[in-house]
């Protein structure tokens, strides 16, 4: 390598970042050398994204400092970061789909024929874009319209944009999550070229095999703190996993032991072209079935398909023994299913409706007679559920928008309690809520199974899966890759299965869409 | 507990419900006085007194009767518009629908008599609403586009059916609907008032009404809550069509003929009334009472400006300004929160 190997481009020192109720980063140090691929490892919620958002100017740290090429700097916004030479490529690209590759690369910095009249020098724009693309051997046509490009090529455009900004540090957030094996090879080649030019890459990924292939050093985060920084070549994967997870789970998960009863849900050969393949499983009363898998393994799609929220191309769902074609969520609800969706804000809460109206939305038939609502009764029942779940709110008439995340989640769950639902599909039921509220959600799940309901719980948090499930399904690329009992499941076993054994796991081209 | 004056006990709910033992305090505490409750009625009163001072005739029974008669058509179509906007849609077709209903009512009345004509007119409104509803809920067209197409097409149908000519020769009894009075109150105003009452009950006390708000507040969440959104969306536009149908029949009586040119730009005034009332154009927020306020403000403005002899050209400028101002105030208040 042409550059001095141990020079630090970026040093982050004692970074602290608090969010209401959460200490997201607790005195975090991160040193990144020129020309290295530095991997950030950690479970969901460990603080990886918060850390890169501090580096890229999205969040301001509460304390701590950032040293860039030996000088202390203040990064107040993404523009500051770009000017310093820190470019971030998020999972969702920042590209204008209707514009050409060249226009995207130089967006806001177009070479001008006349500065005063604002006339873009299209010839020079194209030439410069071509130069950037050629320098790193990126196979993208500078004239192509971005929306016509595949995901991999769009990623290349993002990289080219970073390079044209003379980035010294490029942050990549799960860059391979949406790529095929072949595309990953090409991305890795580009990353190696970047290294050779002395560019540092901060790389976030959950795929440890891949990390082994491309990473130089790794910093492991857990619960907002650094566990350690290690040289990847000298550290076995098992050690990396141990550093990522290892913690005491016992009290966080108040698991009730319930003897499983008869079968309430049977899913047979559910498939949706390019998304879900041959999904079969059963669920019994009193059971909590955890569904684990990596981001993009189509767990949410599976739950939505069972609930009738997405169209499927085949398969059957039997609820309480009755075979029924569940064509829509309203069928599903009538059949006795309930869904607590993944994205509370977009799919769960009705922000401009009152807490009371949110609570009763799915059970209005209980208070209506020939379509007329019995408002007094509704109020009473809503009050009962609110107190049952300890939803703290000054008034039930208050808009749900003003509740905390934890209380909103409780509302989204509570609205099913008064329905006929016996099969609960929980998609990331504790995402973004604090530890206290989490435990309350777990207790509620316990109550439900005790009453004879069954729960399917999709979660990205392995401790939650292990702590609450009686059985665990692991999904990979739209298939069920394995099933484990509570006794045989460990984080290692599950991660291994989710990653596809010890082998490199991105063979299928079917996982390309998102 | 009954001696409320002695013990203000603020933690007690208005009713001793199950909430007593819970952390939920059952107190209706509004931190701010909503614009919708106080602001608009205040504006309305100020307008009335201002116009009343400038021209004492404003308060005359004749004038107030006139105002109520004039605004009843706008009131009726604004009710339907409220349903559409609350559900995060819009119904641009209601203006043209007045013309189509008018022509259908008049023509059928010549064939089937008074009640046959009235029924046919309202049915025509419902039918067009049904088509709108299917285009929006089933074919998933944006409401703006579907009803824009219908706005143009319905006018075309009205002109085609009538050959561009007024349909005349309607029975004399039909006049009562538009020109008659019950006591001092004009019949159109009574019809509009009953319609408001019915719509208020529908929106605040029925499942359908609740679902209208839910669709407008967060359609995806509504779907995932098990609401059959397709069905209720179709219903929204049928309701809007029916109210436009009633408005069309009343209007036909007032001009005592079927007129294919009626109702131009009325759809825009109905949208204005709804948003002046304080509904959010993106859905989920608003009420029938607020729409009533919006209609009254527009009606009083038009009437008052006439009385103080402001030219109709200038009236347009004032009313346009008011629409923009009203929504701006709403947004500014929201941003400050």
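Numbers for the structure displayed
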item: Tabulated pairs, the stretch A:307-326, first within 14 Å of chain B (Cβ to nearest Cβ), second at pLDDT below 90, C-beta under 6 angstrom, 6+ apart or interchain; result: A:308/A:326; A:308/A:327
item: Whichever residue in the stretch A:412-430 is within 11 Å of chain B (Cβ to nearest Cβ) and surrounded by 18 or more Cβ atoms within 10 Å (Cβ to Cβ) and, among such residues, is nearest to residue A:341 (Cα to Cα); result: A:427
item: Test: residue in the stretch A:38-49 that is surrounded by fewer than 23 Cβ atoms within 10 Å (Cβ to Cβ), in contact (Cβ under 8 Å) with a residue 40 or more places away in the chain and more than 25 Å from the chain's Cα centre (by Cα); result: no
item: Single residue of A:269, A:273, A:255 found to be more than 14 Å from chain B (Cβ to nearest Cβ), in contact (Cβ under 8 Å) with a residue 24 or more places away in the chain and in contact with a helix residue (DSSP H, G or I) (Cβ under 8 Å, 6 or more places away or on another chain); result: A:255
item: Number of positions in the stretch A:321-357 that are assigned to a helix (DSSP H, G or I) and either under 18 Å from residue A:419 (Cα atoms) or at pLDDT 90 or above (or both); result: 12
item: Filter result for residue A:288 (under 21 Å from residue A:474 (Cα atoms) and buried (at least 24 other Cβ atoms within 10 Å of the Cβ)); result: yes
item: Filtered residues of the stretch A:358-372 (kept if more than 7 Å from every other protein chain (Cβ to nearest Cβ) and assigned to a helix (DSSP H, G or I)); result: A:358, A:359, A:360, A:363, A:365, A:366, A:367
item: Residue B:117 vs. criteria outside any helix (DSSP H, G or I) and either surrounded by 17 or more Cβ atoms within 10 Å (Cβ to Cβ) or at pLDDT 95 or above (or both); result: no
item: Test for residue A:376: is it at pLDDT 90 or above, within 7 Å of another protein chain (Cβ to nearest Cβ), more than 19 Å from residue B:212 (Cβ to Cβ) and assigned to a helix (DSSP H, G or I); result: no
item: Count of residues meeting criterion [in a helix (DSSP H, G or I) and either on the phi > 0 side of the Ramachandran plot or within 14 Å of chain A (Cβ to nearest Cβ) (or both)] in the stretch B:173-222; result: 22
item: Candidates A:455, A:472, A:433, filtered to the one that is crowded, with 20+ Cβ neighbours inside 10 Å, assigned by TED's automatic domain parsing to the domain that holds residue A:412 and part of a loop (DSSP other than H, G, I, E, B); result: A:433
item: All positions within the stretch A:411-441 that are modelled with pLDDT under 90 and more than 26 Å from residue A:262 (Cα to Cα); result: A:430, A:431, A:432, A:433, A:434, A:435, A:436, A:437, A:438, A:439, A:440
item: Checklist (1) in contact with a helix residue (DSSP H, G or I) (Cβ under 7 Å, 6 or more places away or on another chain); (2) within 7 Å of chain B (Cβ to nearest Cβ); (3) part of a loop (DSSP other than H, G, I, E, B) applied to residue A:384, failing item; result: (3)
item: Residues satisfying the stated conditions in the stretch A:333-351, i.e. under 26 Å from the mean Cα position of the chain (by Cα) and at the interface with chain B (Cβ under 8 Å from one of its Cβ atoms); result: A:339, A:341, A:346, A:347, A:348, A:349, A:350, A:351
item: Positions within the stretch B:278-289 being in a helix (DSSP H, G or I) and surrounded by 23 or more Cβ atoms within 10 Å (Cβ to Cβ), in sequence order; result: B:288
item: Out of A:25, A:41, sole residue that is in contact with a strand residue (DSSP E or B) (Cβ under 6 Å, 6 or more places away or on another chain), farther than 19 Å from residue A:87 by Cα and at pLDDT below 90; result: A:41
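Residues checked against (1) surrounded by 22 or more Cβ atoms within 10 Å (Cβ to Cβ); (2) more than 14 Å from every other protein chain (Cβ to nearest Cβ):
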{"residue": "B:224", "(1), (2)": "yes, no"}
{"residue": "B:264", "(1), (2)": "no, yes"}
{"residue": "B:276", "(1), (2)": "yes, yes"}
{"residue": "B:331", "(1), (2)": "no, yes"}
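The values are calculated or read from the model by the stated rules, or taken from the named source; none is laboratory data. Quantities reported herein were computed from a predicted structural model and do not represent experimental measurements. Neighbour counts are summed over all protein chains in view; Cβ atoms, including those assigned to glycine, are modelled from backbone coordinates with ideal geometry.
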